[in-house]
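Here's the structure we're looking at; comments come further down.
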Amino acid sequence: MATYLVTGATGLIGRHLVAELLPRADTDRVWVLVREPSRDRLATLAQRWPNPEKLRTVVGDVREPELGLAPEVLATLSGAVDHLVHLAALYDLTAGEEASLAANVAGTANVVALAAAIQAGCLHHVSSVAVAGDYRGTFTEDMFDAGQRLPTPYHRSKFESERLVRTQTSVAWRIYRPSIVVGHSVTGEMDKIDGPYYLFPALARLGRLPGLPLVFPDIGDTNIVPVDHVAAALAYLAGQPGLDGRTFHLVNPQPQAARTVYDCFARAAGAPVATAELTRRLTGPLVGLARLTEHVPGVTIARDAVLDRLGIPPEVLGVLTFEPVFDNARTRAALAGSGLEVPDLAGYARTLWRYWERHLDPFRARRSGGRGVLDGRRIVITGASSGIGRVTALKVAAAGGIPLLVARRAEELAEVRAEIEAAGGHADCYPCDLTDAEAVHKTVERMLTEQPAVDMLVNNAGRSIRRSIQLSYDRMHDFERAMAINYFAAVRLVLGLLPHMVERRFGHIVNVSSMGVQGVAPRFSAYVASKAALDYFSRIAATETHGAGITFTTVHMPLVRTPMIRPTRFYDALPARSPEQAAELVLTALRDRPKQVSTPTGYLIQAAYTMAPGLVDAVAYQGYRIFPDSTAAGGTGRVRLGKGERHLSAAATALARLTRGFHW
């Protein structure tokens with residue numbers, strides 16, 4: 001009866017290896033080393049493993065001397081471990097030198113020392129074909145240091161950790177070198193993005209163009225093997241006598257051309273398969289040119305920007321294919337009679353793709369429902385109790401979205417929710433004073449607890465103050481109040497929801513701004529300045545979160561006939577949008593996610609201010625002169641009130657028509 005101690009048992013290969021070892025008739029017990037933070041994960045895995053009565057847990061860390069094991073544990077293990085299987089390692093091509101060496105080299109040194117201290121029967125070290133680096137030609141299982149270049153810290157750390165095992169003489173050893181390990185060939189299970197998975201987001205995008213002719217470059221061969229084969233082969237070889245001092249290549253016996261691998265996954269994704277191939281004779285010079293142009297300013301930045309949108313680390317590009325061919329004749333001979341064969345990728349590529357789609361796609365939160373882009377989206381809408389916010393909520397619900405209604409007045413929010421539910425939709429209410437920082441924090445916390453996700457945010461709540469600067473010398477509080485709701489409240493919500501959105505790699509934020517920001521709006525210094533602050537905050541936030549899939553839209557809203565403009569009585573005589581028309585602008589921002597939504601007049605004013613700011617200032621000054629201060633702002637005004645009408649001078653009426661929707 002054999003006993004095992006396994007490090008890295010909660011990792012991809014480790015958990016499948018333990019599942020292979022436990023039901024074996026010749027297995028007496030399996031100790032698994034687990035770090036304290038991973039104990040819950042191990043407990044979850046153990047529920048799926050057969051024969052759990054053979055399982056023993058020891059808490060430790062390969063980065064610590066003697067793996068951080070308690071003295072009584074060391075005493076128990078001493079002389080009682082037939083096979084110490086070392087799987088714990090940092091499998092990350094993007095990791096730096098220090099992290100790779102600490103985890104892989106120092107960790108292996110500690111395992112070697114422990115193996116000697118407890119007199120383990122054999123140390124089984126799981127290395128990697130990465131030790132072959134860029135060796136050109138056939139790399140046999142007997143080869144190790146053949147003058148190859150090791151291109152990344154990961155390659156170098158795996159080489160050095162294998163050297164430690166090979167050169168020590170305290171304990172018998174066996175070494176296993178898997179190639180690129182992908183998910184389970186039957187279930188598709190995989191726990192991280194690696195190898196070909198980095199290309200899956202690009203394949204998902206190509207899936208929208210199934211008939212596209214595609215010429216695939218011949219970039220060489222790769223070598224892919226599913227985790228269930230690696231674990232089964234490792235368990236079988238570890239239990240066979242007479243194999244100490246040998247190395248085993250756990251690889252596909254035949255190298256797989258990159259085009260073949262692409263076609264397998266393209267078929268699974270519904271993407272176009274390669275219709276022709278660009279030969280190595282042609283791709284070689286192109287690759288060389290690409291390497292030369294990397295040093296041209298801007299080229300690397302542009303390349304990395306594209307890769308970032310696809311979720312591909314630049315470090316991965318250089319190791320997509322292998323220079324060496326891995327011979328595994330001795331491994332196949334040792335596995336003879338086991339019935340273990342590497343399955344054909346074409347037979348399980350679709351299984352891997354489906355698992356990735358459901359569980360690993362970093363952009364899966366971006367997928368829309370069947371009824372359109374807003375179907376099933378949970379959308380926070382502030383100022384939802386009336387006006388533009390209320391109508392926007394109704395339209396979102398009609399499009400299949402789920403509005404999360406935010407405003408101060410709970411009763412009015414409940415009325416909006418009832419209206420949505422009466423029409424067959426669904427909404428949730430979150431009463432909140434957005435100028436209260438603690439209230440906003442608690443509301444965001446409650447949303448993220450109660451909702452499965454928050455997809456979008458519409459910052460619609462606002463305060464409009466129309467008052468000339470001459471009437472504001474002693475009214476600093478006007479500017480503070482405008483900033484409190486129009487800027488700081490919106491920013492609080494953005495900052496509260498951004499971590500959640502970044503984690504999901506999807507989120508869209510719509511800020512309802514003002515057409516006044518596009519030009520010069522006299523008497524709106526408090527209001528427009530607060531909206532302009534939010535505009536520029538969003539511009540900067542959009543650049544910093546670009547790689548995380550977060551987008552921002554600014555709606556430069558024209559004059560809308562809502563209770564907000566009622567104090568300015570002459571607005572009754574100006575052209576204005578209805579709340580329904582205004583809500584359609586917000587819906588455009590949610591559906592299409594452009595950088596900006598405006599009206600033709602708004603774009604014209606924006607262009608005019610860019611081209612001729614002095615002329616726009618002059619026109620705006622005339623507007624300042626001919627449009628009165630409203631009585632509500634403390635001005636006497638020149639507004640003549642008639643029955644049901646608001647009369648302006650002929651010049652004011654003409655300017656209002658020329659700048660339709662502008663805030664005067």
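The values are calculated or read from the model by the stated rules, or taken from the named source; none is laboratory data. No experiment lies behind these values; they were computed from the predicted model shown. Note: ideal-geometry Cβ built from the backbone for every residue, glycine included; neighbour counts use all protein chains shown.
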What number of residues in the stretch 367-386 are under 16 Å from Arg593 (Cβ atoms) and among the polar types (S, T, N, Q)?
-> 1
Tell me, yes or no, whether the stretch 91-108 has at least one residue that is farther than 19 Å from Asp191 by Cα, surrounded by 19 or more Cβ atoms within 10 Å (Cβ to Cβ) and hydroxyl-bearing (Ser, Thr, Tyr).
-> yes
So is Pro23 over 26 Å from Ala116 (Cβ atoms), free of Cβ contacts under 8 Å to residues at least 40 places away in the same chain and not aliphatic (A, V, I, L, M) or not?
-> yes
Only one residue in Arg156, Arg149 is touching a helix residue (DSSP H, G or I) at 6+ places or on another chain (Cβ under 9 Å), charged (D, E, K, R) and surrounded by 16 or more Cβ atoms within 10 Å (Cβ to Cβ), so which one is that?
-> Arg156
Please work out if Pro362 is under 23 Å from the mean Cα position of the chain (by Cα) and outside any helix (DSSP H, G or I).
-> yes
Taking the options Arg539, Arg463, Arg504, name whichever one is closer than 18 Å to Ala365 by Cβ, assigned by TED's automatic domain parsing to the domain that holds Leu404 and of a type in the set (Lys, Arg).
-> Arg504
Filter the stretch 43-61 for residues that are charged (D, E, K, R) and under 12 Å from Ala9 (Cβ atoms) and give the result.
-> Arg56
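A quick yes/no check of all residues on (1) touching a helix residue (DSSP H, G or I) at 6+ places or on another chain (Cβ under 9 Å); (2) at pLDDT 65 or above; (3) in a loop (DSSP other than H, G, I, E, B):
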site	(1), (2), (3)
Pro594	yes, yes, yes
Leu615	yes, yes, no
Val619	yes, yes, no
Ala652	yes, yes, no
Ala656	yes, yes, no
Gly661	yes, no, yes
Within 25 Å of Val181 (Cβ to Cβ), in a helix (DSSP H, G or I) and free of Cβ contacts under 8 Å to residues at least 60 places away in the same chain: does that describe Ala115?
-> yes
Would you point out the residue of the stretch 383-434, among those that are among the hydroxyl-bearing types (Ser, Thr, Tyr) and outside any helix (DSSP H, G or I), that is modelled with the highest pLDDT?
-> Tyr430
Hey, can you tell me all the residues within the stretch 128-179 that are without any contact (Cβ under 8 Å) to a residue 60 or more places away in the chain, under 13 Å from His86 (Cα atoms) and in contact with an Asp or Glu (Cβ under 9 Å, 6 or more places away or on another chain)?
-> Ser128
Unique residue being at pLDDT 90 or above and over 24 Å from the mean Cα position of the chain (by Cα) when the list is Ala521, Ala526, Ala533, Ala541 | Ala533
Scanning for something in the same structural domain as Tyr355 (by TED's automatic domain parsing), among the hydroxyl-bearing types (Ser, Thr, Tyr) and assigned to a loop (DSSP other than H, G, I, E, B), does the stretch 191-201 turn up at least one residue?
-> no
Failed item, numbered, when Ala276 is tested on (1) closer than 16 Å to Val215 by Cα; (2) at pLDDT 90 or above; (3) not polar (S, T, N, Q) = (2)
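Conditions (1) out of contact with any Leu (no Cβ under 7 Å at 6 or more places or on another chain); (2) assigned to a helix (DSSP H, G or I); (3) surrounded by fewer than 17 Cβ atoms within 10 Å (Cβ to Cβ), marked per residue:
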site: Pro210; (1), (2), (3): yes, no, yes
site: Val225; (1), (2), (3): no, no, no
site: Val230; (1), (2), (3): no, yes, no
site: Ala233; (1), (2), (3): no, yes, no
site: Leu237; (1), (2), (3): no, yes, no
site: Asp244; (1), (2), (3): yes, no, yes
site: Phe265; (1), (2), (3): no, yes, no
site: Ala268; (1), (2), (3): yes, yes, no
site: Ala271; (1), (2), (3): no, no, no
What number of residues within the stretch 494-530 satisfy the criterion of being within 23 Å of Arg377 (Cα to Cα) and in a loop (DSSP other than H, G, I, E, B)?
-> 2
Identify the residue in the stretch 323-371 that is in contact (Cβ under 8 Å) with a residue 24 or more places away in the chain and of a type in the set (Lys, Arg) and, among all such residues, is farthest from Gly207 (Cα to Cα).
-> Arg330
Top-ranked residue in the stretch 118-129 [being in a loop (DSSP other than H, G, I, E, B) and touching a strand residue (DSSP E or B) at 6+ places or on another chain (Cβ under 7 Å); ranked as surrounded by the fewest Cβ atoms within 10 Å (Cβ to Cβ)] | Gly121
Considering the stretch 437-458 alone, what residues qualify as being among the β-branched types (Val, Ile, Thr) and farther than 24 Å from Val597 by Cβ?
-> Val440, Thr443, Val444, Thr449
Among all residue pairs at least 6 apart or on different chains, which show Cβ distances below 9 Å where the first residue, located in the stretch 379-406, is farther than 15 Å from Cys429 by Cα and the second is assigned to a strand (DSSP E or B) and among the small types (Gly, Ala, Ser)?
-> Ala399/Gly372; Gly400/Gly369; Gly400/Gly372
Out of the residues in the stretch 175-190 that are in a strand (DSSP E or B) and over 21 Å from the mean Cα position of the chain (by Cα), which is farthest from Leu12 (Cα to Cα)?
-> Ile175
Complete set of residues in the stretch 463-486 that are at pLDDT below 85 and within 25 Å of Val555 (Cβ to Cβ) | Arg463, Ser464, Ile465, Arg466, Arg467
Within the stretch 483-542, the residues that are charged (D, E, K, R) and surrounded by 22 or more Cβ atoms within 10 Å (Cβ to Cβ) are Arg523, Lys531
Some residue of the stretch 468-487 being in the same structural domain as Asp428 (by TED's automatic domain parsing) and touching a strand residue (DSSP E or B) at 6+ places or on another chain (Cβ under 8 Å) | no
Those residues that are within 36 Å of the chain's Cα centre (by Cα) and among the charged types (D, E, K, R), I need them from the stretch 141-174; list them, please.
-> Arg149, Arg156, Lys158, Glu160, Glu162
